[in-house]
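These notes concern the structure reproduced below.
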Amino acid sequence: MVSPIKAISRCLKSGESFLIASHSSPDGDAIGSSAALGHLLQALGKRVVLYNESRLPKPFSWVPLPCPLVQSIPDEDFDWIISLDCGDKPRMGEVLAQRFGIKGTINIDHHLGNPEFAEINWVETEYAAAGEMIAELADELGIPLSGDLGVCVYLAIVTDTGSFSFGNTSPRTLELAAEILRQGLDPSLFVSNLQNQWTLSRMKLWSRVFAAAELHCGGQVGVIHLTQEMFKETGTSSEDTDGLVNFIGRIKGVKAALLLREDTPNLTKISLRSTGDINVQAIAAELGGGGHKNASGCTVNAPIREAEQVVLEVAARLLSCPRNTHG
Ligand code: 5GP
Ligand code: MN
């Protein structure tokens, strides 16, 4: 049997037109891996459309995209529709999920429990980022990781490894970073592009969120909340919350960090983070979500404080800790 990477590189070479998509509310890996694949395909002389249900988040406006990121799918037949960094089909949004049949589709992903929903599936959870998989494809196709392609792959791996600090950072990840630097990427310019995108409003939002942080489960679960009121009062949006949850894990003794975001009065998005052996994917999966052992998420149909009770019950049970609270 042909390996998925060989099968996919054949499709990239033989096809003419490609729709590349990733999960809604895209993060650095979603944007970086999609853009990197777009650059690869353009290097092969192919037609590429980059689609996402959500618009490009402002903090990523500096990313060198191969073409604009569109929010509606052009009415044409693509030879291949490729999903990147989507742990399941609903993550790409309803419109594309409906169009994403079994024929003519490719699923490239690194999430636990990906149900392999495409014609060709390349799912490997040992990769730190979907962008790391695109780098393997570039290697397979003999295309160097220079210029914009290198920047986009670097964006994917830097964001999904927390700047090479999470447990998913492997020798392969660091060798890949080294290769991109050898090809000419300036790491300090890159980091300044990536990090120095804050607005004063964002800083005010984060300070409000931290001021109301809570500890639960004997101090082992740290919780922060984002409400619509906080967004309104500070003039911010969910685009201003990237990376926020990671800080709760800095409190000594916290094993699991939880961020609850009020999307509507009855819909709460939950982000979960941990380090080492603590598996927060199991908590998210029990509530209908998923992700990775140390970074997962889910959406609960309940008001924010009710959703908090639900997730804390599951967390206390799965982490075997008490269910008390510190303000
Ligand atoms: P975040 O908390 O940053 O949204 O997501 C953390 C990780 O969990 C990411 O790898 C993301 O793909 C995954 N994730 C977040 N929300 C969901 C969800 O509702 N369903 C699934 N299957 N994965 C999710
Ligand atoms: Mn990813």
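A few notes on this one:
- Selection within segment 60-91 - within 16 Å of ligand 1 (Cβ to nearest atom), surrounded by fewer than 20 Cβ atoms within 10 Å (Cβ to Cβ) and touching a residue at least 40 places away in the same chain (Cβ under 8 Å): ASP88
- Test: MET133 is farther than 23 Å from ILE20 by Cβ and either in contact with a Cys (Cβ under 9 Å, 6 or more places away or on another chain) or among the hydrophobic types (A, V, I, L, M, F, W, C) (or both): no
- When segment 262-303 is filtered for residues that are assigned to a loop (DSSP other than H, G, I, E, B), farther than 14 Å from GLY113 by Cβ and near ligand 1 (Cβ under 10 Å from one of its atoms), only ASN294 remains.
- Residue match in segment 142-159 (condition: hydroxyl-bearing (Ser, Thr, Tyr) and under 24 Å from GLU126 (Cβ atoms)): yes
- A search for C-beta distances below 7 Å between a residue of segment 1-17 that is part of a loop (DSSP other than H, G, I, E, B) and any residue that is modelled with pLDDT of 95 or more, counting only pairs 6+ apart in sequence or on different chains, returns GLY15/LYS46; GLY15/ASP79; GLY15/TRP80; GLU16/LYS46; GLU16/ARG47; GLU16/ASP79.
- Evaluation of GLU94 against (1) within 16 Å of ligand 1 (Cβ to nearest atom); (2) of a type in the set (D, E, K, R); (3) within 18 Å of ALA36 (Cα to Cα) (one fails), failing number: (3)
- Scanning segment 126-160 for residues that are within 16 Å of ligand 2 (Cβ to nearest atom) and either assigned by TED's automatic domain parsing to the domain that holds VAL245 or surrounded by fewer than 15 Cβ atoms within 10 Å (Cβ to Cβ) (or both) yields a single hit, GLU126.
- For segment 301-312, the tally of residues that are crowded, with 20+ Cβ neighbours inside 10 Å and closer than 15 Å to PRO90 by Cβ stands at 0.
- Exclusive hit being farther than 28 Å from CYS298 by Cα and among the basic types (Lys, Arg), set LYS103, LYS89, LYS58: LYS103
- Looking only at segment 256-289, and only at residues there that are in contact with a helix residue (DSSP H, G or I) (Cβ under 6 Å, 6 or more places away or on another chain) and of a type outside the set (A, V, I, L, M, F, W, C), the one that is surrounded by the fewest Cβ atoms within 10 Å (Cβ to Cβ): GLU286
- Scanning segment 230-261 for residues that are more than 16 Å from ligand 2 (Cβ to nearest atom) and part of a loop (DSSP other than H, G, I, E, B) yields a count of 8.
- Scanning segment 128-147 for residues that are without any contact (Cβ under 8 Å) to a residue 24 or more places away in the chain and either within 20 Å of SER163 (Cα to Cα) or among the acidic types (Asp, Glu) (or both) yields one hit, ASP139.
- Candidate set from segment 262-273 (those that are within 16 Å of the chain's Cα centre (by Cα) and away from ligand 2 (no atom under 16 Å from the Cβ)); member that is nearest to SER296 (Cα to Cα): ILE270
- The residue list SER9, SER17, SER34 contains one member that is farther than 12 Å from CYS152 by Cβ, buried (at least 19 other Cβ atoms within 10 Å of the Cβ) and either outside the structural domain of LEU149 (by TED's automatic domain parsing) or modelled with pLDDT of 95 or more (or both), which is SER9.
- ASN168 under 22 Å from SER238 (Cβ atoms) and either surrounded by 14 or more Cβ atoms within 10 Å (Cβ to Cβ) or within 19 Å of the chain's Cα centre (by Cα) (or both): no
- Any hit, segment 108-115, residues being at pLDDT 95 or above, more than 13 Å from ligand 1 (Cβ to nearest atom) and surrounded by fewer than 21 Cβ atoms within 10 Å (Cβ to Cβ): no
- Checked against the criteria, SER237 does not count as in contact (Cβ under 8 Å) with a residue 12 or more places away in the chain and either of a type outside the set (Val, Ile, Thr) or not assigned by TED's automatic domain parsing to the domain that holds ALA129 (or both).
- Qualifying residue in segment 21-31 (condition: among the hydrophobic types (A, V, I, L, M, F, W, C), more than 16 Å from ligand 2 (Cβ to nearest atom) and farther than 26 Å from VAL191 by Cβ): no
The values are calculated or read from the model by the stated rules, or taken from the named source; none is laboratory data. Small disclaimer: the values here were computed from a predicted structure and weren't measured. When we count neighbours, we look across all protein chains shown, and the Cβ atoms used for this are built from the backbone with ideal geometry, even at glycine.
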